[in-house]
Amino acid sequence: MTEQAPALSTEHDRLCRELGSIAVDYPSGDPVETLGRLVADADAALARQGTEQGRFERSGYLVLLYAMSWYVEARLSDQEDLIRAYEGVLRGFRQTFAESPACTCPDGGHPAPPEPEGAAELGVHLLTEDGRALYAEEEEPEEGLSVYDCELYLSGLARSAAY
């Protein structure tokens with residue numbers, strides 16, 4: 001039996017394309033609907049903290065929330081419900097970190113915060129084990145993907161997000 005290559009689910013592939021278009025400020029659909037779905041999914045992921053899937057999701061959703069926060073702030077300032085939800089889910093993620101988060105990275109090295117254009121792809125891939133394997137296979141990052149799970153790195157992204 002041959003091993004099946006990792007792949008993104010249809011839903012994650014769509015999310016990657018939609019968020020990528022928002023990141024470059026040319027939304028392919030309704031950005032309020034897309035970002036509202038992102039916030040709702042991230043909020044649901046908070047309930048899975050403490051599990052392997054929850055760890056993956058925390059990393060992926062924090063990268064996505066961080067990267068999309070500029071768009072919410074700059075382009076959707078009149079969307080009060082979305083802004084409140086965005087602030088709430090970021091606050092929820094921030095509360096998952098200890099007061100002094102631990103760093104597990106070799107030599108304490110962290111990647112730079114992701115640029116919005118690449119963050120949509122990275123964040124969606126970080127959400128699942130298959131996505132991570134696919135990203136590592138296609139992108140061959142110098143640092144392992146575990147740096148994106150580092151408590152200190154993630155807490156910094158959560159604090160730096162626009163909300």
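The values are calculated or read from the model by the stated rules, or taken from the named source; none is laboratory data. These numbers were taken from a predicted model, which means no experiment stands behind them. Neighbour counts run over all protein chains shown; Cβ positions are idealised from the backbone, glycine included. Keep in mind that these areas ignore ligands, DNA and RNA; they rest on the heavy atoms of the full protein, side chains included. Shrake-Rupley method; radii C 1.70, N 1.55, O 1.52, S 1.80 Å.
Annotation for S9 and E33: the two label points, set 7 Å from Cα along the Cα-Cβ direction, are 2.0 nm apart. Name the residues of segment 127-142 whose amide N is less than 11 Å from a point 7 angstrom out from the Cα of E52 along the C-beta direction? Counting backbone N atoms under 11 Å from the label point, the list is 129-130.
Ellipsoid fit via the Cα gyration tensor, segment 1-90: semi-axes of 25, 18, 9 Å, each the root of five times an eigenvalue, largest first. 3J(HN,Hα) along segment 120-125: 4, 5, 4, x, 5, 5 Hz, from the Karplus curve 6.51 cos²θ - 1.76 cosθ + 1.60 with θ = phi - 60°, whole Hz, x for Gly and Pro.
Using a probe radius of 1.4 angstrom, the carbon and sulfur fraction of the accessible surface of the chain is 47%. The phi-based Karplus calculation (6.51 cos²θ - 1.76 cosθ + 1.60; θ = phi - 60°) puts the 3J(HN,Hα) values of segment 127-140 at 5, 9, 4, 5, x, 4, 5, 5, 4, 4, 5, 7, 9, 6 Hz, whole numbers, x for Gly and Pro.
Phi angles of segment 16-22 translate, via the Karplus equation with coefficients 6.51, -1.76, 1.60 and θ = phi - 60°, into HN-Hα couplings of 4, 5, 5, 5, x, 5, 5 Hz per residue; Gly and Pro are given as x. Convex hull volume of the Cα atoms of the chain, normalised per residue: 120 Å³. What's the longest piece of the chain with no exposed GluC sites (Glu not before Pro), counting a site as exposed if DSSP puts it in a loop and it has at most 14 other beta carbons within 10 Å? Value returned for the longest uninterrupted segment is 4-98.
Grab the DSSP H runs of the chain that are 4 residues or longer, score each as -39,500 (n - 2.57), total them, divide by all residues and round the 222 nm result to the nearest 500 deg cm²/dmol. List each step's numbers first, then the result.
Details: 7 runs with 101 residues, N = 163.
Theoretical 222 nm ellipticity from helices: -20000 deg cm²/dmol.
What the Cβ-Cβ distance of A40 and E137 gives, at R0 = 35 Å and to the nearest 0.05, is a FRET efficiency of 0.75. Average accessible surface for the chain: 53 Å² per residue, computed with a 1.4 Å probe over protein heavy atoms with every protein chain in place.
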